[in-house]
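Take a look at the structure below.
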Amino acid sequence: MPHPQASRVLIVLFDGLRPDLVTPDRMPALSAFLADARRFTEASSVFPSLTRVCATTIATGQPPAVSGIIQNAFPDAAAQEGRFLNTASAEDMRRAARHHGPGFVATPRFADALAAAGRRFALVHSGSAGGAYLLDPRARANGSAVMSLAGREASETPELWDAVTARIGAPPVAADKVPLMDYAGKAMAEVVLPELRPDVALLWLTEPDWSFHYSGMDTPATRAALRASDDAFARVLAAAAALPQAERMAVIAMSDHGHVGTTEPFDLVGELDALGFQGTLDRPGEDLSIAAGTLCWLWPSVADAVRLGRLVAALREKAWCGALLAAGGNGIEGPWPGTFDLALLNVEHPRSAPLLLGMRGGPEPDRWGLAGNSPIVGKDFPLGGGMHGGLHRQEMANLIALRMAGVEAGEDAAPVGLIDIAPTLLSLLGVAPTAPMAGRSVLAGEAPRERRVLETGAGDYRQRIVLAGEGRGAIIRDGGRVG
Ligand SMILES: [Zn+2]
């Protein structure tokens, strides 16, 4: 069967939105949309389920092992003294591209393919400036229209900033993101869609992610943020429906990752100290530099496989130890007993840490009565705030739904993921990628990827990874300690 063809593609991304929280009382417009859409109930983020890793995978159709954007923040020669390279900062991303050369963001994006085909990409982004940058680092050369609400200087194409602010004023600056969601929806609905009529339009809504983290998974403030994003979605849908050939438009509603409710701050630095390791959270340290969260990345200052192996053996004995992932194994198991290889998760890369350690979460409800929970290391979120980045299913499960005429609505249990977004939208427009992508169109009609459950362990410690498909095109569903 030929692939369905669309006149244009509109993507609205709700950062961090857990699919199970799309309910008619919280999000009426999105709930109504889903009733007419193909909804992928086994959709998954990418590992690690962190926003800029996700953005890069959405843009490239490739996992982090290929793109090199392996973490939100990591040790790097281009970083400022005493800091990790911060992918949220457009300035850090530009500095890294100057330091490392264009190879830092070389992986082809869908925006490059659109430009090569004479088509146009437009982005209104209300999250971090770095997140906008990584979606289309060559935006100027591509002739894209990119506006980061983080500021004119942060926007790769300031002309769009000028055009939008001339029409609807400057974006609101406040801790409360509700007015910002309203503004983002207006910028897309009142300026970008009617005036630019892009072939692919992406509205990146930073809520509910912000409120899940800093307010809690189900507080009144979080519900207000969900409703503000839902209102922006409704506004943009209405504006898109007024465009020429709207009857042949494809609309994708999605999130980049989910969230798991956190139960308690975990003192990993104290635990490591008792094992003879000096950990430093979220910046370079003397011994172990740690990117903290529900799943922590450990970079030793000196490579010493024997010492790290002793640490792994000690961690396996700890009741709080969840997933253990390590670099340099056989493609499935890591170099130390009980560990999985980073290559299995498509995150092996020179920038990756040699050892990743998950906190041991579980399926029991969080303090809001929502499924799943996990301890957290570091971060300044209030108790009960949400987090993501690990392998808990609540972190990995994301929303992917597509509505267009001729595509049957209903639930689809085929395992799909973020690597499939770029191939899907390019196929919908009949545009060839500039290089092969690991993902594939969710509408290609191919046989579903085969589900695989892998288990490993040592002594009393056992963990598993659930994934679908093989190699770079595999979809990681979830993982963690069992038993
Ligand atoms: Zn995110």
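Bear in mind that the values in this text are calculations on the coordinates, not laboratory data. Computed from a predicted structure; not experimentally measured. Note: ideal-geometry Cβ built from the backbone for every residue, glycine included; neighbour counts use all protein chains shown.
Remarks
- A cut-off under 15 angstrom between Cβ atoms defines the neighbours of G457, and their net charge, with Lys, Arg +1 and Asp, Glu -1, is +1.
- Here the dipole of region 372-468 is about 140 debye; that uses its Cα centre as origin and unit charges on the Cβ of Lys and Arg (positive) and Asp and Glu (negative).
- The per residue volume of the convex hull around the alpha-carbon atoms of region 374-477 is 179 Å³.
- The peptide list 10-16, 90-96, 385-391, put in order of mean Cβ contacts within 10 Å with the highest first, becomes 385-391, 10-16, 90-96.
- Report note on the peptides 147-160, 167-180, 364-377: ranked by the mean count of other C-beta atoms within 10 Å, highest first, their order is 147-160, 364-377, 167-180.
- Summarising the amide proton neighbourhood of E333: residues at separation of 5 or more, or on other chains, whose placed amide H is nearer than 5 Å comprise D341.
- Here region 249-386 is treated with +1 on each Lys and Arg Cβ and -1 on each Asp and Glu Cβ, and its dipole about the Cα centre works out to around 120 debye.
- Inter-part distance, region 57-93 to region 365-403, computed on C-alpha centroids, equals 22 Å.
- Placing one equal scatterer on every Cα of region 281-435 and applying the Debye formula, the log10 ratio I(q)/I(0) at q = 0.10, 0.12, 0.15 Å⁻¹ is -0.50, -0.69, -0.95.
- Residue-span extension gain [A241 to A166] - 0.36 nm each, minus C-alpha spacing: 24.6 nm
- Histogram of C-alpha separations across region 295-358, 10 Å bin width, %: 24, 60, 16, 0
- Percent of beta bridges antiparallel (DSSP, the chain, rounded to nearest 5): 55
- Between A35 and E470, the FRET efficiency estimated from the beta carbon spacing at R0 = 35 angstrom works out to 0.55.
- Largest to smallest principal axis extent of the C-alpha atoms in the chain, angstrom: 64, 46, 45
- All-pairs alpha carbon distance profile, region 137-192, 5 Å steps from 0, percent: 4, 21, 29, 24, 14, 6, 1
- Each residue of region 440-454 was assigned a 3J(HN,Hα) from its phi angle through the Karplus expression (A = 6.51, B = -1.76, C = 1.60, θ = phi - 60°), giving 8, 4, 5, 10, 5, x, 6, 4, x, 4, 7, 6, 10, 10, 10 Hz with x at Gly and Pro.
- Whole-Hz couplings from phi, Karplus 6.51/-1.76/1.60, listed for region 357-370; x for Gly and Pro: 10, x, 6, 8, x, x, x, 4, x, 7, 5, 9, x, 8
- Dipole magnitude of the chain about its Cα centre (Cβ charges: Lys, Arg +1; Asp, Glu -1), debye to nearest 20: 740
- Theoretical FRET efficiency, 1/(1+(r/R0)^6), r = Cβ-Cβ of A313 and T280, R0 22 Å, to 0.05: 0.45
- Of the DSSP H helices in the chain, those whose Cα atoms cover at least 18 Å axially and whose Kyte score averages -1.0 or more: 220-241
- Mean residue ellipticity (222 nm) of the chain, computed from DSSP H runs ≥ 4 via -39,500 (n - 2.57), nearest 500: -7500 deg cm²/dmol
- Kirkwood Rh and Cα Rg combined as Rg/Rh, region 65-222: 0.98
- Coarse-grained scattering of region 6-64 at q = 0.23, 0.27, 0.28 Å⁻¹, given as base-10 log I(q)/I(0) from a Debye sum over alpha-carbon atoms: -1.13, -1.24, -1.25
- On the principal axes of its alpha carbon atoms, region 348-404 extends 38, 38, 21 Å, with the longest extent given first.
- Ordering of 32-41, 98-107 by burial proxy (mean other Cβ atoms within 10 Å per residue, highest first): 32-41, 98-107
- For region 160-263, projected area of the alpha-carbon convex hull averaged over all directions, nm²: 7.2
- Candidates A139, G151, L180 compared by Cα position along the dipole of region 131-251: farthest toward the positive end lies A139, with charges placed on Cβ.
- Simple rule: put +1 on each Lys or Arg Cβ and -1 on each Asp or Glu Cβ in region 178-267, find the dipole, and look at Y214, G258, A246; the Cα lying farthest toward the positive end is A246.
- Considering only L315, L402, L391, and ranking their Cα positions along the charge dipole of region 287-419 that arises from unit charges at the beta-carbon of Lys, Arg, Asp and Glu, the one farthest toward the positive end is L315.
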